[in-house]
Amino acid sequence: MVWIAAPVIVVLFTLIAFSLHGSFNETGAAFQTPDQVAMILLGLLVAAGSLMLARPSIEADEAGVRVRNLFGTVELPWAVVRGVRFNRGAPWVTLDLHDDDVVSVLAIQAADKEHAVRAVRALRDLHARAQVRTE
């Protein structure tokens, strides 16, 4: 969705920029070329910010899990993960760690409904198999 929204945002801000010209009100404020350029740059920044919403992902295998959220990436071996939680009413999945820390997994959200349930089951299965191997 954000891959569609980002270009639309840039086009919208560009159209607004070109529609702003001349005096604005009785105070004499006027939009000039630098203002229009600034409006287009602002549109590019807003579009880039919206693309950050497409960044979250999760990769898991027998060795561990790699969680990429909006501003960082965490790689964890299954040995440090105590459990995979997806509580009723929670917006996304969390990984409970043995040191009582919690890692949010923004890539699996409640809004994804059945897709999220399948992803959580797969994560729990990988986690369970890793626990059996280490015991």
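So for the stretch 47-59 (the condition being over 30 Å from Phe13 (Cα atoms) and surrounded by 11 or more Cβ atoms within 10 Å (Cβ to Cβ)), does at least one residue qualify? Yes - at least one qualifying residue is present in the stretch 47-59. When both residues are 6+ apart or on different chains and their Cβ atoms are under 6 Å apart, which pairs have a first residue that lies in the stretch 111-135 and is farther than 13 Å from Arg85 by Cβ and surrounded by 11 or more Cβ atoms within 10 Å (Cβ to Cβ), and a second that is of a type outside the set (Phe, Trp, Tyr) and at pLDDT below 90? Within 6 Å, no pair qualifies. Which residue, of Gly72, Gly43, Gly64, Gly83, is over 22 Å from the mean Cα position of the chain (by Cα), small (Gly, Ala, Ser) and open to solvent by less than 70 Å² (accessible area, probe 1.4 Å)? From the options Gly72, Gly43, Gly64, Gly83, the qualifying one is Gly83.
Can you go through Ser57, Ser19 and tell me which one is of a type in the set (Ser, Thr, Tyr) and within 26 Å of Gln131 (Cα to Cα)?
Numbers: Ser19 fails: within 26 Å of Gln131 (Cα to Cα).
Answer to the selection: Ser57.
Counting only residues that are surrounded by 13 or more Cβ atoms within 10 Å (Cβ to Cβ) and closer than 30 Å to Met1 by Cβ, the stretch 97-110 holds 8 of them. Looking only at the stretch 76-134, residues that are hydrophobic (A, V, I, L, M, F, W, C) and assigned to a helix (DSSP H, G or I) come to 15 in all.
The values are calculated or read from the model by the stated rules, or taken from the named source; none is laboratory data. Computed from a predicted structure; not experimentally measured. We place every Cβ from the backbone using ideal geometry, glycine too, and count neighbours over all the protein chains shown. Remember, those area values only see protein heavy atoms, side chains included, never the ligands or the DNA or RNA. Shrake-Rupley method; radii C 1.70, N 1.55, O 1.52, S 1.80 Å.
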